[in-house]
Amino acid sequence: MPTPFVAINRNGPLVEIVLDRPENGNLINAEMSDAIIAAVSSLDDEVKLVRIGSSGPDFCKGRQSPMPPADAKPSAETLRRVVAAPPLALYDALKAVRVPVVSVVRGAALGVGCALAGVCDVALAADDAVFQIPEMERDIPPTLVMSALIGRVPVKTVAHMVLSRQRLSAAEALQAGLVSRIVPAASLDAEANALTQTLLGCSAVTLRAVKQFLHLAPEMSATGASGFAAHLAATALSARF
């Protein structure tokens, strides 16, 4: 059954996820998150690429609050299960996708939206996109968003965004390593489609090898990374014979 507010479409080797809640800035709720996790956790071997975009003027302005009522006095375990676990599961699922994941960002990417852009392997952004981690305005430590960005964005960038709560322009986000490329807003869809076709021109085994290396090599020693690179290249090339 389709999940309200998120469209998940299969087009040959492409799985496209569209956040479709434009009236409130594409705030993500639990059902949307579960649908995305289910989609990316069950990809078959023919899938080459996952692309995440949005409808409306904004990519994602954050998350629909799952906080229990103030008078409920929830335990730490309840807060961990209800508040912390769902976004962490979403970030982990996107990191674990076997093929590249591309985000296409327009407008505001705030909180969870910023994390979604950062956790993808490639983030293509419109030149009018803005990025912010505003949780500390409500005295909430945004460690969940930070967990998505650490290892992908320099620590000093994460620290500044979290502590200052300042918005980064697309140009600043590019300089900080949060996005891969910026393009004019009017050209975003065309650029995203061109990038998609470029990636789909490669074999699934080659794309999976690149994703594996990007995911695992940063934690390896130089010698280990070299050996892993040789293994992946040989495995991918052997699939041609």
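Structure data summary
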read-out: Some residue of the stretch 162-169 being basic (Lys, Arg), part of a loop (DSSP other than H, G, I, E, B), touching a residue at least 40 places away in the same chain (Cβ under 8 Å) and surrounded by fewer than 22 Cβ atoms within 10 Å (Cβ to Cβ); value: no
read-out: The stretch 208-231 residues that are in contact (Cβ under 8 Å) with a residue 40 or more places away in the chain, paired with ones that are of a type in the set (Val, Ile, Thr) (beta carbon under 6 Å, 6 or more apart); value: ARG208/VAL99; LYS211/VAL99
read-out: Check on THR198, without any contact (Cβ under 8 Å) to a residue 40 or more places away in the chain, in a helix (DSSP H, G or I) and buried (at least 16 other Cβ atoms within 10 Å of the Cβ); value: no
read-out: One residue from VAL153, VAL179, VAL145 being closer than 28 Å to GLN132 by Cβ, modelled with pLDDT under 95 and buried (at least 17 other Cβ atoms within 10 Å of the Cβ); value: VAL153
read-out: Matching residues in the stretch 203-224 - criterion: being in contact with a Lys or Arg (Cβ under 8 Å, 6 or more places away or on another chain) and more than 15 Å from SER238 (Cα to Cα); value: LYS211, GLN212, HIS215
read-out: Strands (runs of 3 or more DSSP E) contained entirely in the stretch 60-144, each with at least 1 residues that are among the aliphatic types (A, V, I, L, M) and under 30 Å from PRO13 (Cα atoms); value: 101-105, 108-110, 122-126
read-out: Some residue of the stretch 121-139 being out of contact with any Leu (no Cβ under 6 Å at 6 or more places or on another chain), without any contact (Cβ under 8 Å) to a residue 40 or more places away in the chain and farther than 15 Å from LYS61 by Cβ; value: yes
read-out: Residue match in the stretch 65-78 (condition: in contact with a Ser or Thr (Cβ under 8 Å, 6 or more places away or on another chain), under 20 Å from ILE28 (Cα atoms) and of a type outside the set (Val, Ile, Thr)); value: yes
read-out: Breaking point among (1) of a type outside the set (Ser, Thr, Tyr); (2) under 18 Å from the mean Cα position of the chain (by Cα); (3) modelled with pLDDT of 95 or more; (4) not assigned by TED's automatic domain parsing to the domain that holds ASP127, for ALA229; value: (2)
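Here is a yes/no grid of residues against (1) under 16 Å from the mean Cα position of the chain (by Cα); (2) assigned by TED's automatic domain parsing to the domain that holds VAL130; (3) surrounded by fewer than 18 Cβ atoms within 10 Å (Cβ to Cβ):
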{"residue": "GLY12", "(1), (2), (3)": "no, yes, yes"}
{"residue": "VAL18", "(1), (2), (3)": "yes, yes, yes"}
{"residue": "PRO22", "(1), (2), (3)": "no, yes, yes"}
{"residue": "MET32", "(1), (2), (3)": "yes, yes, no"}
{"residue": "GLU46", "(1), (2), (3)": "no, yes, yes"}
{"residue": "VAL50", "(1), (2), (3)": "yes, yes, no"}
{"residue": "CYS60", "(1), (2), (3)": "yes, yes, no"}
{"residue": "SER65", "(1), (2), (3)": "no, yes, yes"}
{"residue": "LYS73", "(1), (2), (3)": "no, yes, yes"}
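The values are calculated or read from the model by the stated rules, or taken from the named source; none is laboratory data. Given the structure is predicted, the values throughout are model-derived calculations rather than measurements. Virtual Cβ from ideal backbone geometry, glycine too; neighbours counted across all protein chains shown.
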